[in-house]
Amino acid sequence: MRAVLTATILVLSCVFCYARDVKGILIDETGQPVSFVNVVLMTDSTFLDGKVTDDNGMFIFENADSLANKVKITMIGYEDMILPVPEDGNYSTITLKPSAVMLGEVVVKGSLPSTRIKGNALVTRVENSILATTGSANDVLKNIPMVTGANGNFSVFGRGDAIIYINGRLVRSSDEVGQLSSGDIKEIQVINNPGAQYGANVNAVIRIVTKKPVGDGFSVSAYTDNIYNKWFTTKEQLNLKYRTGGLEIFGMGYFSHGKNYDDEYAVTTSYGKSVFEMISDQSVSTIRTDITGKIGFNYQFNENHSIGAYYQHDYNSGHHFGHYLNDITENDELSESSVSDLKGWFKSLPCNSANIYYNGTVGKFTFDFNGDYMQTKDNDRSYQYEQNKFSENRDVTTFNTTRNRLFAEKVSISYELPKGNILIGEEYTNSRSRNDFRNPENILSSELTDVRESNMGVFTEINQTFGKFSATAGLRYEHVKSDYYLNDKLVDGQSKTYNNLFPSANITYSPGDFRLSLSYSNRISRPTYNNLTGNYFYVNSMLYTRGNPYLRPAKRQDFTAQASWKYITLSAQYTYTKDVITQIYEPYEDNEKINVFTVTNTPNQKLFSLYLNASPVFGIYHPSLSLGMQKQWFGINYRDQYLKFNSPIFTIQMQNTFTLPKDWFIEASFWWRSRGDWKNWSYTHTQSTVNFRVYKMFLDKSLTVYLGVNDIFNGMLYHADIYSGKVKMQSNVNNHGRNVELTIRYNFNTSRSRYKGTGAGQAEKNRF
């Protein structure tokens, strides 16, 4: 018996002696890491364990079964591989071979893109999925969990407006998102709780990663997008690119021209010594033209070093015209009645922006430098002729010129650790926004405001992997100095200096297909420059708008918990915000008849949100269902009492895609939002939209034609009430969103850009 026991112990000891990690890195034929690859650990033909490669193409089976003798590697678009396990378990790098069956064609009949958690990001694979055929990056983002929006302006559920990166480069123009083809996108990363490397006033981040560029020579991509909605709107774009060796020269031209139309019916009631009620019925049409030109270069010395620069010029102009009907009652008796005709002109010139970057790797160090410059000038002129029933007719003319300038630079250094990395960096922005307002009739005061601001930030982040756990911790320090000038004189009371520390942390647990992530960050929301201007702007005889130079930044604490399993994603978020920036009404210089729509700080807001997405696959049918809920705890003083706005808002989104033979595709989508409250706004009606689109590929998939109908039932009507002080405003808006859209995209010898500039000062750019 003792001999048997001794033998058993010896056998087990040998087994454990030979236990080792089985690991490796998967790369494609160009040497780039490949993520989302299935790796199965086996003994002969018996399954032992399974993993999916991360964004660095790495897989690891820790303390692998000693009987494991092979791994099987599978990925759509690549040949299956079965490899014996090395004696030490380390494969080093494994190069995937493109499938001969897939060569020469885009794989689009795979599963709906998988979404998984990596750190504090939700990563959705687009390459080799149905989303690669949808058209532009705009179309892709509409199908990404937690993302809503359109036309380059997107928000993340529970967090608000997001900044967008393309290959690490900041997107400053919303049009640029629509200019990127879906077929060029590798993956989308949604970060709803940004860490220390991002500005403290960034709410959320969307990172678009394109596929590895291949091939030299000349390439062309072009598209035309045409929308009919009572009027005709067209967008045209041409991209040219030439690549030879490490040099890439690129240029882009963009043109847009169209018209939009808004109707608004509003009732504003003011409770003072008398009860004033203003009934306003207005319609405004805007004709707008946008032109963009961009040219740049990128030079890649080798895989480790690259430099580049670009210059972009934007021009937009147009005019708007409208018709206002205003009736004012005092204690239920008509006291004012007016009819107004509005004419206006606007033009932005010049609007120049440029970026220069360097990206390099030396040993375990990675260096990244970006310098940005932006200069804009906006001219706006409006003329309003009022015909009044109970008072004299009058003209109201306003001239408004805004000049913005920004310089920004950002430097970061990353050092590779055994199981992670450490990042340190600094970011500096210097900006100026100068607003010159004139009213010749002296109904409003003519003023020149000038806000000059500098922001210096330093940050560090460290991340480490511990088995199935990974953790990230970061800290950011910001010094902000803001000087406010009125008519070229410094106003001390409105000039401010801030010094703040912003910690952040994340921990992720990844035991196979299931992933769990917990995140925390301390952040800030600084007011826009428009919110800081003290100028009054004329709307009508009873309503003005203005900013508030005394606004304080809003400070918030963000907590996020996320989980993913196979095709299901769940996210829960809680935010506590202090000094919330809130839209309110207040009387104009003690005149009860005139209200001013402005902004102020209110004590706090608590917000809890819950989001669930499921994206299964049923043959040719690819559905994606999203359910969301937001509930806030918020209150404001209204008519000498504290009024609570705590009703939750529910959302439902359903995306349906059908892949048909001969490269035909059908899309049908539905979005619905319930009644509920947001800050001191009460949404009194539901909103919904139903969209339908069919498209087909031609000429070996280089030409795609899309035909669709948006907001079929015209359900995006806006109904909301706002409460503040002694004023209640009921608003009903119809922006006529129903339209028919025809899009044609053509690509010839396309190659993705190697440009690696990340940009700087995005938070400041968003404030202009």
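The figures follow:
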{"item": "Ellipticity estimate at 222 nm from DSSP helix runs (n ≥ 4, -39,500 (n - 2.57)) divided over the chain, nearest 500", "result": "-1000 deg cm²/dmol"}
{"item": "Cα pair distances in the stretch 217-765, grouped into 10 Å bins until the bin that holds the longest one, percent each", "result": "3, 12, 20, 27, 24, 10, 3, 0, 0"}
{"item": "Extension gain from R381 to F367, taking 0.36 nm per residue of separation minus the Cα-Cα distance", "result": "0.4 nm"}
{"item": "Whole-Å distance, taken between Cα centres, linking the stretch 350-419 and the stretch 110-174", "result": "23"}
{"item": "Cα gyration tensor shape for the stretch 157-253, rounded if a/c is under 1.5, else prolate or oblate", "result": "oblate"}
{"item": "Ascending count of other beta-carbon atoms within 10 Å, so fewest first, for K566, K496", "result": "K566, K496"}
{"item": "Alpha-carbon centroids, the stretch 482-532 and the stretch 676-730: separation in whole Å", "result": "30"}
{"item": "Computed FRET value (nearest 0.05) for N487 with Y509, which takes r as the C-beta separation and R₀ as 51 Å", "result": "0.30"}
{"item": "Efficiency of FRET between S495 and S445 - r from beta-carbon atoms, R0 25 angstrom, step 0.05", "result": "0.75"}
{"item": "Charge-dipole axis of the stretch 437-508 as Lys and Arg at +1 and Asp and Glu at -1 on Cβ define it, positive-most pick from I507, G467, I443", "result": "G467"}
{"item": "Among F61, I27, Y78 the positive-end extreme of the charge dipole of the stretch 18-95 (Cβ point charges)", "result": "F61"}
{"item": "Exposure proxy ranking, count of Cβ atoms within 10 Å, fewest first, for L570, L122, L342", "result": "L570, L342, L122"}
{"item": "Karplus 3J(HN,Hα) series, Hz, for the stretch 134-150 with 6.51 cos²θ - 1.76 cosθ + 1.60 (x for Gly, Pro)", "result": "6, x, 10, 4, 4, 5, 5, 4, 5, 9, 8, x, 6, 9, 9, x, 6"}
{"item": "Length-normalised contact order for the chain - Cα pairs under 8 Å, 6+ apart - percent", "result": "11"}
{"item": "Sorted by Cβ density within 10 Å, fewest first, the residues K235, K419", "result": "K419, K235"}
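FYI, it's all coordinate maths here, none of it is from the lab. Predicted, not measured: the structure shown is a model, and the values here were computed from it. Virtual Cβ from ideal backbone geometry, glycine too; neighbours counted across all protein chains shown.
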